[in-house]
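Handing you this structure, nothing more for now.
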Amino acid sequence: MTLAGGLVATMAIPAYAFAPTEDEYASTASNELTESGAQTVEVAAAADTVSVSRDGFTATTPEELAAAAAAAAAAVASAEAAAAEERRQEAAAAMTSYAASYSGPSSADYLAAPAHSSFDLASVYGVASGYQGVPYVYGGATPAGFDCSGFVMYVYAQFGISLPHSSTGQGAAGTRIPESEAQPGDLVIMDGHDGFYAGNGNILHAPYEGASVRVQPIWTSSYYIVRIGG
């Protein structure tokens, strides 16, 4: 009976008198949290209206870069063309004013009544030099404005020598000579251009639109010398 009573007493010991294992403790704590509602997650009703987007980026393709470069080049070309046209108009206005002040003889007038009775190259060059500063005008053949062959034609007409209004025709009208024999007044003939030989490798000519009759070094090796009337 004594033994039986001891067993009964042992079984009556409260559960907290035993040291629970770690698993038992964790299980009990989990249960308590669950029962108390501490692990409940509440989500607002508006949460399902929130959208999430990825940050985006853009990249320029090689074609777009090329197109941008072409557009920039076109803008520069357009600006340069506009500036050139403005200069042309200014030159044309100046030429109109200059032409209005000229009422002298033409090449045809001089051929009918030459200004100089005798011909020599030094005199030809002397007359030609007097027109330095006359503006270039395409098709011009008077002191109102000269192109290259119009300048040569006008000067030689004053000596009674008729030349065509063409650099090619003027080259064919004379005799080719070595440059070592060239004198001021001879002609320098190039492809599509000509003028008076000015000595020491220089040319006196009407160069191009926007410029005036002037002396400058011959800039190319592709030319030959022609003597007129000799």
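Sort Arg214, Arg176 so the one with the fewest other Cβ atoms within 10 Å of its own Cβ comes first.
On the way: Arg214 17, Arg176 10.
Exposure proxy ranking, most exposed first: Arg176, Arg214.
On a full-extension model of 0.36 nm per residue, what is the gain between Ala211 and Ser106, subtracting their alpha-carbon distance, rounded to one decimal in nm? Don't skip to the answer; put the middle values down first.
Values: separation 105, 0.36 × 105 = 37.80 nm, distance 2.19 nm.
Gain on extension, Ala211 to Ser106, equals 35.6 nm.
Mind pulling up the Rg/Rh value for region 107-227? Radius of gyration and Kirkwood radius, both on Cα.
Working: Rg = 12.9 Å, Rh = 13.9 Å.
On the Cα set of region 107-227, Rg over Rh gives 0.92.
Next question, about the same structure. How far apart, in nanometres, would the label points at Ala71 and His116 be if each is projected 7 angstrom from Cα along the Cα-to-Cβ direction?
The two pseudo-label positions are separated by 6.1 nm.
Under 8 Å for C-alpha pairs, at least 6 residues apart: give me the relative contact order for region 107-227, rounded to a whole percent.
Numbers: 255 pairs, mean separation 33.6, N = 121.
Contact order relative to length: 28 percent.
Please find the FRET efficiency linking Thr168 to Glu85, where r is the Cβ-Cβ separation and R0 is fixed at 41 Å, and quote it to the nearest 0.05. Don't skip to the end; give the middle numbers.
Working: r = 30 Å, r/R0 = 0.73.
With R0 = 41 Å, the Cβ-Cβ based efficiency is 0.85.
Just so you know, all these numbers are worked out from the coordinates, no wet-lab data involved. Just so we're clear, the structure is a prediction, and the values are computed from it rather than from any experiment. So basically every Cβ, Gly included, is an ideal-geometry build from the backbone, and we count neighbours across all protein chains shown.
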